[in-house]
Amino acid sequence: MGKQPPLKATPSKAPFLRDGGKQTDSAPDDFPTAFSFEKMQDDSGHSINCCGNEDRVNLIKRMFMLSKMPWKEIRNASSKGFGAEQIPKYRVKKTVPSSVTEDVDAFTSLHYSGKRRFIGYRVGRIFYILWVDYNFKVYDHG
C-alpha cells in the first residue's frame, strides 16, 4: 500500500468553536448552550444513573434539541414547553453540591418529558445539570 497523505484539519463550521470562545464571552445568550454533567453528584438520588432508561432517553433528546437553540430563545419561551423556570435556592429540597459557589442564588429548571424536569445553573454557555427531577422531589413545585 502506498503512503497516505496526512489528514488536513478542516475549520469548524460553528463560529463559537472557531474563535476559541471569544464571541461567547461577550454574548453567551446568542449562542447555543453546552450541557455538562460535571457537577452532578451520583449519590444525590437524582443523577442520570438514578432514573430509568426512558427518562435518560427523553433527557438526551431534549438536551439535543435545546443545544441547537440560543439561550435567549430558551429564556423567552414558555416555561411549559422549551422555556426555563427560575427556582430560588431555598425551594430546593436536595443538598446543593459543594462545587456550587455561594453567588448562585437560583437554579434553572427545564422540561425534558411531560412535567419532568432537569435542574442546574448556567455559567456563560455551559449549563451544569445538577439533578434529574424524574419523581418531582428535587424542589417545591408549589
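The values are calculated or read from the model by the stated rules, or taken from the named source; none is laboratory data. Predicted model only: the values in this text are computed from it and were never measured. Cβ: placed from backbone, ideal geometry, glycine included. Neighbour counts: every protein chain shown.
Here's the yes/no breakdown for (1) β-branched (Val, Ile, Thr); (2) closer than 16 Å to Glu38 by Cβ:
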residue: Asn49; (1), (2): no, yes
residue: Ser78; (1), (2): no, no
residue: Ala84; (1), (2): no, no
residue: Lys93; (1), (2): no, no
residue: Val104; (1), (2): yes, yes
residue: Phe127; (1), (2): no, yes
Quick check: is even one residue across region 129-138 under 27 Å from Asp30 (Cβ atoms) and either surrounded by fewer than 21 Cβ atoms within 10 Å (Cβ to Cβ) or in contact with a Gly (Cβ under 7 Å, 6 or more places away or on another chain) (or both)?
yes
Boolean, Gly81 is assigned to a loop (DSSP other than H, G, I, E, B), under 23 Å from Asp30 (Cα atoms) and not charged (D, E, K, R):
yes
When you go through Lys94, Lys68 one by one, which is the residue that is part of a loop (DSSP other than H, G, I, E, B), under 16 Å from Cys50 (Cβ atoms) and in contact with a strand residue (DSSP E or B) (Cβ under 7 Å, 6 or more places away or on another chain)?
Lys94
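Residue-by-condition table, conditions (1) touching a residue at least 60 places away in the same chain (Cβ under 8 Å); (2) in contact with a Lys or Arg (Cβ under 7 Å, 6 or more places away or on another chain); (3) within 19 Å of Asp140 (Cα to Cα):
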site: Thr33; (1), (2), (3): yes, yes, no
site: Lys39; (1), (2), (3): yes, no, no
site: Asp43; (1), (2), (3): no, no, no
site: Ile48; (1), (2), (3): yes, yes, no
site: Ser67; (1), (2), (3): no, no, no
site: Glu73; (1), (2), (3): no, no, no
site: Gln86; (1), (2), (3): no, no, yes
site: Lys94; (1), (2), (3): no, no, yes
site: Tyr121; (1), (2), (3): no, no, yes
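Kindly indicate whether Ile60 is in a strand (DSSP E or B) and not basic (Lys, Arg). Give the derivation first.
Numbers: in a strand (DSSP E or B): no; not basic (Lys, Arg): yes.
Taking the combined requirement at face value, the residue does not satisfy it.
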When you scan region 4-23, do you find a residue that is at pLDDT 60 or above, out of contact with any Ser or Thr (no Cβ under 9 Å at 6 or more places or on another chain) and either on the phi > 0 side of the Ramachandran plot or not in a loop (DSSP other than H, G, I, E, B) (or both), even just one?
no
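Evaluate the following for Ser99: is it under 17 Å from Phe136 (Cβ atoms), hydroxyl-bearing (Ser, Thr, Tyr) and at pLDDT below 95?
no
Looking at Ile87, is it among the hydrophobic types (A, V, I, L, M, F, W, C), within 16 Å of Tyr128 (Cβ to Cβ) and assigned to a loop (DSSP other than H, G, I, E, B)?
Working: among the hydrophobic types (A, V, I, L, M, F, W, C): yes; within 16 Å of Tyr128 (Cβ to Cβ): yes; assigned to a loop (DSSP other than H, G, I, E, B): no.
The answer is no for Ile87.
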Going through region 71-81 in order, the residues found to be of a type outside the set (Gly, Ala, Ser), over 19 Å from Asn135 (Cα atoms) and surrounded by fewer than 17 Cβ atoms within 10 Å (Cβ to Cβ) are Lys72, Glu73, Arg75, Asn76
